[in-house]
Each structure stands twice: as C-alpha cells, then as structure tokens.
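Below you'll find the structure, written out as structure tokens, and then a few comments.
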Amino acid sequence: MKTKPLISVIIPSYNRALLLPRAIQSVLNQTYSNWEMIISDDGSSDNTSEIVSRFMEMDKRIKFTASSENLGVSSARNRGIAQAEGEYIAFLDSDDEWLSHHLEECAAILTENKVGAVLSLWYEERQNKRLKVDEPYEGEDYFQNAVDELKPEIQGNRYFFRQRFYEYSLLEYFYFYHINTAVIRKSVVVQVGGFNESLMACEDTEFLLKVFQNSDICFIKDYHFIYHHGEDNLYAFLDRQKLDLEQLALNRELLDKWTKIELCKIRVRNKEKKKKFWNKKDPFHRQCLDALGANIAEKYFTLGYANRYLHKLRALKFYIRSLESGQRAAKLVHMGKIVFPGLFDKIKVEQPNLNIW
C-alpha cells in the first residue's frame, strides 16, 4: 500500500501557552495521520516550552523550535518551513483550530490533481457566536460572484481556479482565503520564497497572493477551520462589518493600530502593482492595474478621512496620495476642510468612496 504524503504542520506561537493546547489538539484530532507538527516559538516569555514538551512526550510527531528573541510571525513561519520535511505544508495559528477532516480532504485533492494549493471556508467565532465567513454581506454573495466571473471547474464542493484567480483576489473581489485553511505543495512554498519578514501585518495576504500567481488553486466550499477572535488577536479590536469610521476617528489608540494595518495592505498592493508580471499591452492587465490604482487611492482617502480629527497632518498626506485616482475635486474639498475649515466647511460635495476592506 502506497504511503500517504507527509504534511508538515507549522504553528507559530508567541506567549500563547494557555491557547496553544487547543491548536495542538485539533491537529491530533485529524483523521489524516501522516503529519509532522513544527511548533515555532517566537521568543515567548511564558511557559510555552513546558506545555509543548508534555505533548512531545505523548506524540513523537511533534517538534519544537524556538527563537531567543521576538522576531515576528513571518520569521517564526519561515523557521518552520526551513525545518519541514513534508511534501505538503499547512499553517495553523496558535490560538485557532482545525476541524478533524481538514488535512484528509486537502491531501486527497493535492494527490489527485495538479494544483499547487488547496483552501477552504471557515467559521469565525466572536463573543461566543459562530459565523460563516461566506454569508452574503449587504445582499452580495461574493463567493458566487467569483464563480460567475472566473468560471472555475466545479466537482461537487471543489472549485478549481486555473485562470485570473490571482488578479481577482488582488483586487479584493474574493475574500475567502485564509492562511490557516491553506495546504500547499512545499515546492510552491519554496518557489515563492516564504513570508516577508519586514511586514508587521498582511504578511499572510502577500504570501498567498504569490502562491495564487504561481499555481492553480482548488477551493473547497466547506468549513475546515475555526478562527477565534481572542483579545490578543491582531484584529480583535476590529469588526469590519460593524466598523464606524466616525467612532474610530475619535479613538487614538485604535485609530493608530488600524492605520498601521491599512498601510501594510497598501504596501502589499503597491508591491504587487510593480511586478513584471503585468503586460500593459494586455487589455485585461491594463484594466486590473487601473482598478488596483483606484483601490489604493480609496484606501489612502479612507485613511485620511479617519485621521482628519486627531492627526491632521497625517490626514493631509493620505489625502494627497489619494489624488492619483478619481473624485479629485471632492478630495480637494476635504483637504481644504483641514487647512481652511471656516472657508470649506460649508461646501457640499459627494463623499468619495471609502474602503475599509
């Protein structure tokens, strides 16, 4: 009987001794058994190593690697990748958990098909409520929109995207990818160069975009993972579906944190925009670049709008950068309201598009 491919499961962790056992147990509960688990500690000061040691005594498939200093989640994941021996690589954050069928179904697809990665849907758990990530938002079924536009090959609940998935995802038309649902061929992970260690946020988005650009994707329309919105989670302070920019604009701590995350998103998209991948003679590529430019401009304007009360100079800089695309007259009026408030406050203009995603 042929041996099933080894899957390297990489769990980065930083001071998560209390939550890490849940993630580890969800891997132990997998119906697929040929895996190795690499827990990559990022300079924790709690008793993470003690907790992991107990699990290692129970299961020899569990391995531990630790950094002497806190270098960030990208560094932790890359260290795990360097030690991975599996044909496939899967990622799981230390405060989240997989459902038991995750590795089994993803491995079967990778074994039977020429795709570079498999992804799936997930649940989001916030304040003891479990939500499906693909629920229509404001009447829009974004998953079905992607299917209608990209026309993937459909086999049951499996959607094989072979063209334009990278471009579509880059333009934020497709929101249903998460690093914790991805099982990827190690050859693809090596090809794209791992995670960008200079990013404090959105490093997973940039990594997956590189994967999408370089390989075909299979998407499983089923739930494989539970995303827990814990207190120390990067996005714990933010529920985008209920985000009130006016309230955010008056909370300096949250505003500064949100601004840093949004700037990372812009940085990722600016980097993608400059890639040699784009053929400006191709009408579709030109359309994508124009849309990407508009997307970036919207993000800059949104940052300016949110910062206009507490960080006026910062807001002006963001507004200026947003002038590269669309609605310039209205944006200039908003700039005027900061520089000459008495003069411009009475001028009524259409609100430029805000982009909180």
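What are the residues in the range 251-266 that are of a type in the set (D, E, K, R) and open to solvent by 50 Å² or more (accessible area, probe 1.4 Å), if any?
Selection gives Arg252, Glu253, Lys257, Lys260.
Run down Gln25, Gln30 and say which single residue is outside any loop (DSSP other than H, G, I, E, B) and farther than 29 Å from Leu199 by Cα.
Gln25
Return the only residue of Glu167, Glu124, Glu172 being among the acidic types (Asp, Glu), closer than 30 Å to Asp42 by Cβ and open to solvent by less than 30 Å² (accessible area, probe 1.4 Å).
Criteria check complete, one pass: Glu172.
Just one of (1) open to solvent by less than 10 Å² (accessible area, probe 1.4 Å); (2) free of Cβ contacts under 8 Å to residues at least 24 places away in the same chain trips up Ile24, so point out which.
Unmet condition: (2).
What number of residues within the range 6-21 are open to solvent by less than 30 Å² (accessible area, probe 1.4 Å) and closer than 16 Å to Phe91 by Cα?
Looking only at that region, the number is 8.
Can you run down the residue pairs with Cβ atoms below 7 Å, 6 or more apart or on separate chains, where the first is in the range 1-15 and on the phi > 0 side of the Ramachandran plot and the partner is open to solvent by 50 Å² or more (accessible area, probe 1.4 Å) and of a type in the set (D, E, K, R)?
Partner pairs satisfying both residue conditions: Asn15/Asp46.
Just to be sure before I move on: is Ile338 part of a helix (DSSP H, G or I) and open to solvent by 70 Å² or more (accessible area, probe 1.4 Å) in the structure I sent?
Spelling it out, it is not the case that Ile338 is part of a helix (DSSP H, G or I) and open to solvent by 70 Å² or more (accessible area, probe 1.4 Å).
Filter the range 89-100 down to the residues that are of a type in the set (Asp, Glu) and open to solvent by 10 Å² or more (accessible area, probe 1.4 Å), then identify the one that is farthest from Thr31 (Cα to Cα).
Asp93
Does Gly86 fit the bill of being open to solvent by less than 30 Å² (accessible area, probe 1.4 Å) and outside any loop (DSSP other than H, G, I, E, B)?
No.
Anything in the range 27-70 that is among the hydrophobic types (A, V, I, L, M, F, W, C), under 27 Å from Ala107 (Cβ atoms) and either over 27 Å from the mean Cα position of the chain (by Cα) or open to solvent by less than 10 Å² (accessible area, probe 1.4 Å) (or both)? List them, or say none.
Of everything in the range 27-70, those that are among the hydrophobic types (A, V, I, L, M, F, W, C), under 27 Å from Ala107 (Cβ atoms) and either over 27 Å from the mean Cα position of the chain (by Cα) or open to solvent by less than 10 Å² (accessible area, probe 1.4 Å) (or both) turn out to be Val27, Trp35, Met37, Ile38, Ile39, Val52, Phe55, Met56, Met58, Ile62.
Inspect all residues belonging to the range 139-151 and state whether any of them is within 17 Å of the chain's Cα centre (by Cα), modelled with pLDDT of 90 or more and either open to solvent by 60 Å² or more (accessible area, probe 1.4 Å) or closer than 21 Å to Phe91 by Cβ (or both).
no
Matching residues to (1) in a loop (DSSP other than H, G, I, E, B); (2) closer than 22 Å to Arg328 by Cα:
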{"site": "Lys257", "(1), (2)": "no, no"}
{"site": "Leu263", "(1), (2)": "no, yes"}
{"site": "Asn270", "(1), (2)": "no, yes"}
{"site": "Asn279", "(1), (2)": "yes, no"}
{"site": "His285", "(1), (2)": "no, no"}
{"site": "Gly293", "(1), (2)": "no, yes"}
{"site": "Lys299", "(1), (2)": "no, yes"}
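Scan (1) free of Cβ contacts under 8 Å to residues at least 60 places away in the same chain; (2) of a type in the set (A, V, I, L, M, F, W, C); (3) under 28 Å from Gln213 (Cα atoms) for the single condition Ala315 breaks and write down its number.
It is condition (3) that Ala315 fails.
With respect to Ser75, determine if the residue is touching an Asp or Glu at 6+ places or on another chain (Cβ under 7 Å), farther than 25 Å from Lys221 by Cβ and assigned to a helix (DSSP H, G or I).
yes
Ser187 fails exactly one of the following numbered conditions: (1) within 25 Å of Leu150 (Cα to Cα); (2) in a helix (DSSP H, G or I). What is the number of that condition?
(1)
Mind checking which pairs have a first residue in the range 61-89 that is over 19 Å from Leu119 (Cβ atoms) and free of Cβ contacts under 8 Å to residues at least 24 places away in the same chain and a second that is acidic (Asp, Glu) and open to solvent by less than 20 Å² (accessible area, probe 1.4 Å), Cβ under 6 Å, 6 or more apart or different chains?
Short answer, once both residue conditions are applied: none.
Taking the criterion of being of a type in the set (A, V, I, L, M, F, W, C), part of a loop (DSSP other than H, G, I, E, B) and modelled with pLDDT under 95, would at least one residue in the range 123-132 satisfy it?
Checked the range 123-132: no residue is of a type in the set (A, V, I, L, M, F, W, C), part of a loop (DSSP other than H, G, I, E, B) and modelled with pLDDT under 95.
Looking only at residues in the range 78-109 that are of a type in the set (Asp, Glu) and in contact with a strand residue (DSSP E or B) (Cβ under 9 Å, 6 or more places away or on another chain), which one is farthest from Tyr223 (Cα to Cα)?
Here the answer is Glu85.
Within the range 176-191, identify whether any single residue is touching a Lys or Arg at 6+ places or on another chain (Cβ under 7 Å) and either open to solvent by less than 20 Å² (accessible area, probe 1.4 Å) or modelled with pLDDT under 90 (or both), and answer yes or no.
Looking for residues that are touching a Lys or Arg at 6+ places or on another chain (Cβ under 7 Å) and either open to solvent by less than 20 Å² (accessible area, probe 1.4 Å) or modelled with pLDDT under 90 (or both), one finds none in the range 176-191, hence no.
The values are calculated or read from the model by the stated rules, or taken from the named source; none is laboratory data. What you see is a predicted model; the values in this text were computed from it and never measured. Neighbour counts are summed over all protein chains in view; Cβ atoms, including those assigned to glycine, are modelled from backbone coordinates with ideal geometry. Each accessible area value is taken on the protein alone, full model and side chains, heavy atoms only, with ligands, DNA and RNA left out. Shrake-Rupley method; radii C 1.70, N 1.55, O 1.52, S 1.80 Å.
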